[in-house]
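Trainee: This is the structure I want to talk about, given as structure tokens.
Each reported figure results from applying straightforward, stated rules to the coordinates on display, with no laboratory input. A quick note: this is a predicted structure, and the numbers were derived from the prediction, not measured. As a convention, Cβ positions derive from the backbone with ideal geometry for all residues, glycine included, and neighbour counts pool all protein chains shown.
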Amino acid sequence: MESDLRSIGELARDSGLGVSALRFYDGADVLTPAWVDPQTGYRWYAPAQLADARLLCRLRRVGLPLADIRAVLGAEAGSGAAHRVVDAHLRRLEAGLADARRELSLIRMLIDQRENPMTATPAARTVTVPARELAEALGAVRFAVGADPELPVLSGVLFDLEGGLLRLVATDRYRMALAEVRLPDAPDLPDAPDEGWAPVAAIAPTALVDGIRALLGSGAEEAELTLGAGLVRAETGGHRIEGAALDHDFPDYRSLTRLDPVHRIDLAAAELRDAVESGATRSLPSGPNGGVCEVTVLTVGRDGRLTVAADGDPAPGDLRVAVNRAFLLDALPAAGPEQLVLELAGPIAPLAIRTAGRDGTFSILMPVRVADAV
């Protein structure tokens, strides 16, 4: 009988599994030998078991759980069950990578904060800005301000004034919003050498941001904005509001805006809002207190058309990106009623929402994992 069988050493050599691994999978009732010598306890395997052992070796390399390995090897041929197990594991890996990307993004931000802090200059700078444009820019980024007490650097809006361009930035790690306001009669180049246009940055806390927005609603055409020396001040229509800037160094947001989209889709903001509000959602557990997060799954078909995904498996060639539904709806008013441009690169890449014709005003949403959705 032994002449027709492979020894455990031979199977280990030909399959890539170690002898100890084969013993483990025997004990786990995953790959049992065809015959065990009752005198020596030595394991022998049938020639046909080599294919299972090689498959098991590769399933082990990609980290498939033991129960799933057992399900793959025991699946009925042609049933598709083995493929479904492997596909589910791939989705878990992709979701885990998305989580890792989010954490690594924060790590990069913290590293940039250490190595390239964006500190305010000692001298304050006062500029005149169009009041309506500044109010719209603040409204475009306000929704993305962070609320994590462990990350106070993200609990406000960055006013980044460079040359004749004012950039407003807010992020809570899972989303980021940017808006630009061009100053009237400013130099064309943001790095103009004139000392009067020297760069200055300050982080306005949330309460001050809301106060400035209220002040800008008075109807005046222009406002004076003062940044620097630990201060943020806005004046318009004979009224003024000011407060201390947050004493933190905002991370270098520029590195996070370098996207490489695969799909660029034009559609109206109202059209996307209607599709999201009426479309299917999936529920995910959120936080340790049993909360639930509603997730919208956006699908780009092979024809380039964007839809909100329904239940079921995607068609071949479709791209799916899952995002927090509330975050997506928050981002849409920031774009206003105009046409939008959605930029998607893949299921685990950030989704960018831009306003057509305004490249400097856009939002970025991180994808979320959907493996545990119900």
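Trainee: Quick one: 241, 203, fewest Cβ neighbours within 10 Å first, how do they rank?
Mentor: In order of increasing Cβ crowding within 10 Å: 241, 203.
Trainee: Taking neighbour Cβ counts within 10 Å as the exposure measure, how do 176, 366 sort from fewest upward? Spell out each step's value before the answer.
Mentor: Details: 176 24, 366 21.
Going from sparsest to densest Cβ surroundings: 366, 176.
Trainee: Also, I was wondering about something else. Sort 44, 35 by Cβ crowding within 10 Å, fewest neighbours at the top. Mind showing how you got there, number by number?
Mentor: On the way: 44 19, 35 14.
Placing the least packed residue first, the sequence is 35, 44.
Trainee: Moving to a separate point now. Just to confirm my numbers, what's the Cα centroid distance between the stretch 1-43 and the stretch 198-275 in Å?
Mentor: Cα centres, the stretch 1-43 to the stretch 198-275: 67 Å.
Trainee: Please turn the phi angles of the stretch 300-305 into ³J(HN,Hα) values with the Karplus equation 6.51 cos²θ - 1.76 cosθ + 1.60 (θ = phi - 60°), one per residue in order, whole Hz, x for glycine and proline.
Mentor: Computed from phi, the couplings for the stretch 300-305 are 10, x, 5, 7, x, 7 Hz.
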